[in-house]
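**Student:** Just passing along the structure, written as structure tokens.
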Amino acid sequence: MTSDENAAASPTAATSAEEAPQSMADRSNNRSRRPSSEAFREFMGSNWAPRSSDLPDRSPVADHLAARAAKAGEPFPGERLVVPAGGLKTRNNDTDYRFRAHSAFAHLSGLGGEKEPDAVIVLEPTSSGSHEAILYFKPRSSRSSEEFYADSRYGEFWVGARPSLAEVEAETGLRCADISSLRDALAKDAGQVHLRIVPQVDASVEAVVTEVRQQAGLPFGGDARAEDETLEEHLSEIRLNKDPYELSELRHAVEVTKVGFEDIIASLPRATGHPRGERVIEGAFGAVAREVGNGLGYDTIAAAGNHANTLHWMDNDGEVHAGDLVLIDAGIEVDSLYTADITRTLPVNGHFSEPQAKVYQAVLDAAEAALARANQSNTRFRDVHDAAMTVIADRLEKWGVLPVSAAESLSPSGQQHRRWMPHGTSHHLGLDVHDCAQARREMYQDALLEPGMTFTIEPGLYFRADDLSVPDELRGIGVRIEDDVQVNEDGSVTRISEDIPRTIADVEAWIAAVCSH
Ligand code: GLY
Ligand code: MN
Ligand code: MN
């Protein structure tokens, strides 16, 4: 990381014996000697070429934002709704994580990538009873400001130029305003206009809302929590049915994730000779994610052999041996922030052994049964899981592994089969890998499948190496197959990851083809 040690040669001020001891907060300036003279400041602010007056193209998402704002505001007529992006988060000392906006903000602003820390969408009630989204953010500062060269967190010299209000208006079609006017905008008519905020995203914006509420005599703090959570819940639920732009971005995320899996396969020969072969796999996928997208939608699981039986294995520091399976759960988040969520379980040497194939086929059959159920009319979200579980329980019974009959295991008072698949079969997918997570149960598990819904089908079987309840040949084998599906307008379901091989023959042929290049 660049230090600003050499930014200038002259010392700022000599420490004299009379000065107060330097505060801890100021200590981080000790590594640098930035000039503070007026002459320097003036010089830094001068002689820069004019900025381009070209405005960016209108983004394809812009056409969908008015409808999203209207939908977001529907249950709250006449109310002002505040949706913060969130701010930069410290990783350690003075180093931040790369910024990624809260998904409710990304949905309503259409902004992706690293845009815009500290921004806020305000859904302003309109006279027609609907809502208009107004985007408040900190626009580009002038080059004559001290921030330009002196602020390593926000300054143009350090992190690049922020966009202007006009540029973001051109890109998103949203009305934009300087964040410095947010407080007044929130306080306007506060006695008459009710205020809600998505909680726990940005403490400083929440503090402003609290202050305005207090002054207007509205409920605040804990007393406003329930109504704020109703907004949070609604913004999660309006993302259950994706619009055409979202559906296409999700398909794109799956397409590029396939490229990532191909690079994983190409990395297998190097992974097998490496003391941390799982990291080789993780790195191969991560490189593609940054090259073609915003990055990973979630941390990659690269789990060889028995590690596959640790469901969230993300240490990825194990060896990868020929003869093992390696379970890889990985997804690329594209620039618009939509992510894929794909799992493939690959034989490292290109061929499944007999016991590996037996487990793999059972999981694949469960996945096909789940997809077939999703394709029937009047299917509820939870039915998809039940269809997969019926296959899993039947197969475990056939293998003599279940201590009870499959029927008994499938009953609510049994469930013994879940020892070998303790996770759910499906979750909604979108801006968050576990999308719409604040939706009510009746809108999620218990809801009928509807056009626009995008979700995963991801059955698995996990036989831990220390599981004495299964035959020796199964111990240490863990398999998950995870695909992403979308519900079409006619109610049929398309597996949008159809092109990523999944049958035993196709996976073996895929590995052979990629490795022969
Ligand atoms: N990758 C997280 C999940 O499959 O749910
Ligand atoms: Mn998943
Ligand atoms: Mn996954």
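**Student:** Taking the chain as the reference, fit the longest principal axis to its C-alpha atoms, fit the long axis of helix 381-398 to the helix C-alpha atoms, and give the angle between the two in degrees, 0 to 90, nearest 10.
**Tutor:** Helix 381-398 and the main axis of the chain meet at about 40 degrees.
**Student:** Work out how much length LEU468 to SER53 would gain on full extension: take 0.36 nm times their residue separation and subtract the Cα-Cα distance, in nm to one decimal.
**Tutor:** Going from the current span to full extension adds 142.4 nm.
**Student:** Continuing with the same structure: How long are the three semi-axes of the equivalent ellipsoid for region 137-181, computed from the Cα gyration tensor as the root of 5 times each eigenvalue, in whole Å, largest first?
**Tutor:** For region 137-181, the ellipsoid semi-axes come out as 21, 10, 8 Å.
**Student:** Ok, one more. In the structure displayed, which of LYS258/LYS398; LYS138/LYS188; LYS242/LYS358; LYS115/LYS258 lie more than 31 Å apart, Cα to Cα?
**Tutor:** LYS258/LYS398; LYS242/LYS358
**Student:** Find, among the trypsin sites (Lys or Arg not before Pro) in region 148-205, those assigned to loop by DSSP (not H, G, I, E, B) with at most 15 other beta-carbon atoms within 10 angstrom.
**Tutor:** Counting only loop positions with at most 15 other Cβ atoms within 10 Å, the trypsin sites (Lys or Arg not before Pro) in region 148-205 are ARG153, LYS188.
**Student:** Turning to a different aspect of this structure: Which FRET efficiency value, to the nearest 0.05, do you get for ASP299 and ASP26 by plugging their Cβ-Cβ distance into 1/(1 + (r/R0)^6) with R0 = 51 Å?
**Tutor:** Plugging the Cβ-Cβ distance into 1/(1 + (r/R0)^6) gives 0.90.
**Student:** Further, regarding this structure: Tell me, in nm to one decimal, what length is gained between ASP506 and GLU229 on full extension, where the rule is 0.36 nm per residue of separation less the Cα-Cα distance?
**Tutor:** Result: 95.1 nm gained on full extension.
**Student:** Over the chain, how many percent of alpha carbon pairs lie in each 20 Å bin up to the one with the longest distance?
**Tutor:** That works out to 19, 44, 30, 6, 0, in percent per bin.
**Student:** Using a simple spin-label model with points 7 Å from Cα along the Cα→Cβ vector, what separation in nm is obtained for THR95 and ASN488?
**Tutor:** That separation, rounded to one decimal, is 4.9 nm.
**Student:** Helix 203-216 versus the longest principal axis of the chain: what angle, 0 to 90°, nearest 10, using Cα atoms?
**Tutor:** 60
**Student:** Counting other beta carbons within 10 Å of each residue's own, what order do TRP420, TRP158, TRP510 fall into, fewest first?
**Tutor:** TRP158, TRP510, TRP420
**Student:** Could you give me D for region 282-386, from Stokes-Einstein at 10 °C and 1.306 mPa s, where the hydrodynamic radius is the Kirkwood radius over C-alpha pairs? Units µm² s⁻¹, please.
**Tutor:** Rounded to a whole number, D works out at 102 µm²/s.
**Student:** Moving to a separate point now. May I ask for the angle, rounded to the nearest 10°, between helix 504-515 and the longest principal axis of the chain, with both axes built from Cα atoms and the value confined to 0 to 90°?
**Tutor:** On a 0 to 90 degree scale, this one is about 50.
**Student:** Any chance you could get the radius of gyration and Dmax over the Cα atoms of region 93-227, in Å?
**Tutor:** Both quantities, over Cα of region 93-227: 16.2, 49 Å.
The numbers here are math on the coordinates, done by the rules we state, and not lab data. In this text, all values refer to a predicted model and were calculated from it rather than measured experimentally. Methodologically, a virtual Cβ is constructed for each residue, glycine included, from the backbone with ideal geometry; neighbour enumeration extends over all protein chains shown.
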